[in-house]
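A short worksheet on the structure shown next.
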Amino acid sequence: MQDSGDCYAIAMALRGEIALRGLQTLKGFDNPRPYYDDLFQVTEAFRSVSPHRIPRATLGSSKSLKKPASGIATETRSERSDAARQILAAAKTATPSKPLLVLCQGSMRDVACAWLMDPSIADRVVVAGDRKWANAERRIRGRAYGPPRSDPWAFEIVATHFRCLLVNLSGLEFGPELSDRVTDPKWCSLKKCGTGTHCGFGLLYHVSRPDHQITIKRLRFVRVDKHRPVFEEDPEGKTWEIDIKGEREKLRDEFRRVFLRRHR
């Protein structure tokens, strides 16, 4: 698969740990059709085993959202993509206390499009990603990439109207000195996730370990400035920044033990 995050989500859904409502990819970034085709093939294979737990892959919008001259979000023209419809349908079965969690690793345009179709879903959806991703520090094919850069108006709509989680990971630095040593085919998909703590292993390790120190700040989204979101601390803000402090050497040793060993 193209992203280890999809692997983890499917594995958790197959074990019944989460109710997976959708797996989506966008049009419009360096010909993502191969990503969709790969995701479709993998999900169909798992659907043959457990069709009630694994949804079909869904293709998202093909055009970035344009900010209207009025600056009023509800006047934005958007597509009614299959992905946006899927988010909308899932959100309508959620509640403010048991919301739909949308993990975004790219543009937020389909979340924004779902909101444009029905703004009332905002209090039933939580949108999550990591802090480096929000600051467009993730690099794909040598290019900085993240929601504020790839679709800034969609990011503004989501950050303004939805509850959001920004997870600031620290601990494992997944650079070439480690990734080049991952030879076991079972884990090679990790190498496609780029470098830094964004990698799927780092995220999975942090959220699955209850013994890490966690600090939380409430923020209010202000604007996007040069492809970077600007937040201010606000006790009533809709964005929660979660800072997870790990033990760097302990995390590195755990990575080596699990991923640099040949599995038979």
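For this structure, a couple of remarks:
- Selection from the range 30-78 of residues that are under 16 Å from Phe155 (Cα atoms) and acidic (Asp, Glu): Glu75
- Residues located in the range 52-66, provided they are more than 18 Å from Asp118 (Cα to Cα) and surrounded by 13 or more Cβ atoms within 10 Å (Cβ to Cβ): Arg53, Ile54, Pro55, Arg56, Ala57, Thr58, Leu59, Lys63, Ser64
- Subset of the range 92-123 [farther than 19 Å from Pro68 by Cβ, among the polar types (S, T, N, Q) and in a loop (DSSP other than H, G, I, E, B)]: Thr93, Thr95, Ser97, Gln105
- Pick from the range 119-156, criterion under 15 Å from Ala91 (Cβ atoms) and touching a helix residue (DSSP H, G or I) at 6+ places or on another chain (Cβ under 6 Å), ranking: modelled with the lowest pLDDT: Val127
- Residue check for Gly194: over 13 Å from the mean Cα position of the chain (by Cα), at pLDDT below 85 and not aliphatic (A, V, I, L, M): yes
- Matching residues in the range 66-90 - criterion: being out of contact with any Cys (no Cβ under 7 Å at 6 or more places or on another chain) and among the aliphatic types (A, V, I, L, M): Ala69, Ile72, Ala73, Ala83, Ile87, Leu88, Ala89, Ala90
The values are calculated or read from the model by the stated rules, or taken from the named source; none is laboratory data. Since we're looking at a predicted model, the values are computed, not measured. Neighbour counts run over all protein chains shown; Cβ positions are idealised from the backbone, glycine included.
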